[in-house]
Amino acid sequence: MQMNYPIWHPVTQMKQLGVPPKVVRGEGSYLELEDGRRVIDGISSWWVNLHGHCHPKIVQAIHEQAQRLEHVIFAGFTHDPALELAQTLTSSLPGELNKVFFSDCGSTATEIALKLALQFWSNREEKGRRSFIAFEGGYHGDTFGAMAVASENVFNRPFKELCFRTDLVAYPSIEPGESILLKEQQTLDRIDELLRRSPQAYAAVIVEPLIQGAGGMKVARPIFFQRLEALVRSHGVLLIFDEVMTGFGRTGELFACLKAGVEPDLVALSKGISGGFLPLAATVCRDRIYEAFYSEEVGKGFYHSHSYMANPLACAAANASWELLVEDPQRFRGMEQRHLERCQELESHPYVRASRVCGTLAAFELESSAPSGYLNPIGPRLTQLLLDRGVFLRPMGEVAYLLPPYCITDEQLDQVYAALLESLTELFRS
Ligand SMILES: *Cc1c(COP(=O)(O)O)cnc(C)c1O
């Protein structure tokens with residue numbers, strides 16, 4: 001037992017972790033550790049940091065907002081930072097995605113999307129629609145609803161029997177040696193079969209568009225999501241896009257739904273929303289969802305809240321982050337090309353089984369004799385070897401990936417690739 005260390009860290013066996021290194025500063029792509037080392041944050045601190053650490057423009061926006069209004073109850077009041085952010089989101093997302101419900105993390109954003117979908121149908125007197133279709137390997141968060149719409153994994157295993165039942169279909173990810181057309185068709189056929197067999201049973205289909213994040217950085221094609229949208233619409237079921245990871249430029253476009261050319265009914269956003277400064281999330285829905293709650297009947301409203309929802313400081317950070325995002329879109333649009341220019345050597349490395357690049361993401365699946373998945377011991381060993389070379393990555397089991405902040409320079413990106421190559425070689429030599 002670590003008697004003197006009072007903190008319990010996430011997704012870790014504390015007995016293995018020990019006391020982690022202390023970070024004392026952040027600046028641009030760098031984190032500075034207590035012992036003076038500077039390491040490149042190659043995964044944007046769990047995918048949230050878009051423009052580098054402590055970006056002065058966001059620091060300034062939070063400072064100014066804190067002097068005016070730090071927080072206010074959001075039941076019965078509104079404020080400018082939230083209004084500006086809602087206007088930005090609704091005018092940037094496609095078509096009728098016009099209403100924003102705020103919360104504070106990705107799990108609540110998806111949980112709210114699921115609850116809105118369920119109540120949408122019950123408000124419309126279609127009370128039988130209580131089920132979801134979701135994707136194997138998907139991850140939507142750690143609250144109970146979010147856990148329920150995922151396949152059994154290390155995150156939800158101790159609780160799975162308490163979760164509501166969900167029908168799972170295969171995520172049609174691009175894999176070497178497999179026919180993508182066949183995979184996509186099989187998944188669409190399976191969804192069609194489920195929806196035909198029980199036409200009144202499903203509330204919605206929930207999916208991570210283009211990139212399945214925590215499930216191992218799997219990449220699927222835009223055309224699949226267009227066909228999925230058409231299928232789901234033909235059965236009159238709702239479509240939920242979990243863009244908690246893919247939003248705000250990660251796929252090379254502002255949102256994955258724009259890149260895929262799809263207009264879902266509900267979109268969950270978080271992670272990059274505040275540029276990585278403060279916890280914030282948003283669930284954006286189409287007018288027709290909102291209209292099903294807008295009623296003379298009080299009980300048809302959405303009785304859901306979080307104490308810190310639409311926190312003005314977080315919204316001010318998000319508005320400043322958005323300005324940085326759109327003032328130079330090449331920073332996220334151009335990242336795919338920068339990855340492609342650098343990843344050949346890794347791709348042909350004897351221990352790299354598969355690789356994929358999508359927007360700002362580059363992922364490398366490593367050869368491993370241990371069972372594949374989050375608990376594969378390669379991950380922590382690689383993290384250590386990389387830290388020794390001034391780079392922080394946190395592989396998910398045998399999948400090492402880069403998801404850098406958009407400010408990363410060419411030299412820094414070169415360093416990350418070189419460190420990964422060297423660490424891999426050392427790992428497999430030992
Ligand atoms: C991270 C993530 C979540 C959960 O977000 P938290 O802020 O960690 O609760 C949900 N969905 C996806 C796709 C994610 O990547």
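The values are calculated or read from the model by the stated rules, or taken from the named source; none is laboratory data. All of these numbers come straight from a predicted model, not from anything done at the bench. Cβ sites come from the backbone with ideal geometry, for glycine too, and all protein chains shown count toward neighbours. To get the accessible areas, we keep the full protein, side chains included, count just its heavy atoms, and leave off ligands, DNA and RNA. Shrake-Rupley method; radii C 1.70, N 1.55, O 1.52, S 1.80 Å.
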Sequence order, segment 246-261: Karplus ³J(HN,Hα) from phi using 6.51 cos²θ - 1.76 cosθ + 1.60, θ = phi - 60°, Hz rounded, Gly and Pro as x, gives 7, x, 6, x, 4, 8, x, 10, 4, 9, 5, 5, 5, 5, 7, x
Full extension from Glu193 to Asn98: what is 0.36 nm times the residue separation minus their Cα-Cα distance, to one decimal in nm? 31.0 nm
With a cut-off of at most 15 other beta carbons within 10 Å, and DSSP calling the residue loop, which trypsin sites (Lys or Arg not before Pro) in segment 1-103 qualify? Please list them. Lys22, Arg37
Using the beta-carbon distance between Arg25 and Arg381 and R0 = 25 Å, what value does 1/(1 + (r/R0)^6) give for FRET efficiency, to the nearest 0.05? 0.40
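Sorting check: for 282-291, 209-218, 156-165, 123-132, which peptide has the highest mean count of neighbouring beta carbons within 10 Å, and how do the rest follow?
On the way: 282-291: 20.8, 209-218: 23.9, 156-165: 12.0, 123-132: 15.8.
By packing density, highest mean first, the sequence is 209-218, 282-291, 123-132, 156-165.
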Spelling it out for Val205: with amide H atoms placed in the peptide plane at 1.01 Å from N, the residues 5 or more places away or on another chain with amide H under 5 Å from its amide H are Ile133, Leu238, Leu239, Ile240
Among the DSSP beta bridges whose two residues both lie in segment 139-274, what percent are antiparallel, rounded to the nearest 5? 20 percent
Quick check for you: with a 1.4 Å probe and neighbouring chains kept, what is the accessible area per residue of the chain, in Å²? 44 Å²
DSSP-defined antiparallel bridges as percent of all bridges, the chain, nearest 5: 65 percent
Descending Cα extents along the principal axes, the chain, whole Å: 65, 56, 48
Go through segment 60-115 and name the chymotrypsin sites (Phe, Trp or Tyr not before Pro) that are in a DSSP coil and have 11 or fewer other Cβ atoms within 10 Å of their Cβ. Phe77
In nm, give the distance between the simple-model label positions of Cys163 and Leu258, each being 7 Å from the Cα along the Cα-to-Cβ direction. 3.1 nm
Diffing segment 24-36: the Karplus 3J(HN,Hα) column from phi (6.51, -1.76, 1.60, θ = phi - 60°), in whole Hz with x for Gly and Pro, holds 10, 8, x, 8, x, 7, 9, 10, 10, 8, 4, 7, x
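Report the full-extension gain for the segment Ala354 to Ala370: residue separation times 0.36 nm, less the Cα-Cα distance, to one decimal in nm.
Working it through step by step, the gained length comes to 4.1 nm.
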Amide H within-cut-off set for Ser103, under 5 Å, with H built and near neighbours excluded: Ala281, Ala282, Thr283, Ala310
Relative contact order of the chain (C-alpha contacts under 8 Å, at least 6 apart) in percent is 21 percent
Work out the count of Lys pairs in the chain where the Cα-Cα distance is under 28 Å, with the pair 8 or more places apart or on different chains. 27
Sorted peptide list for 6-13, 407-414, criterion being average Cβ within 10 angstrom, highest first: 407-414, 6-13
Length gained if Ser122 through Ser295 is fully extended, taking 0.36 nm per residue and subtracting the Cα-Cα distance, is 60.9 nm
Two pseudo-spin positions, 7 Å from Cα along C-beta at Lys15 and at Ile73, lie apart in nanometres by 4.7 nm
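Quick one: if the Förster radius is 35 Å, what FRET efficiency do Arg288 and Gln60 give, using the C-beta to C-beta distance and rounding to 0.05? All intermediate terms of the calculation are to be shown ahead of the outcome.
Working: r = 39 Å, r/R0 = 1.13.
The calculated FRET efficiency here is 0.35.
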Span-like helices, the chain: DSSP H, alpha-carbon axial extent 15 Å or more, mean Kyte-Doolittle -1.0 or greater, which ones? 56-68, 80-92, 106-123, 180-197, 222-234, 312-327, 410-429
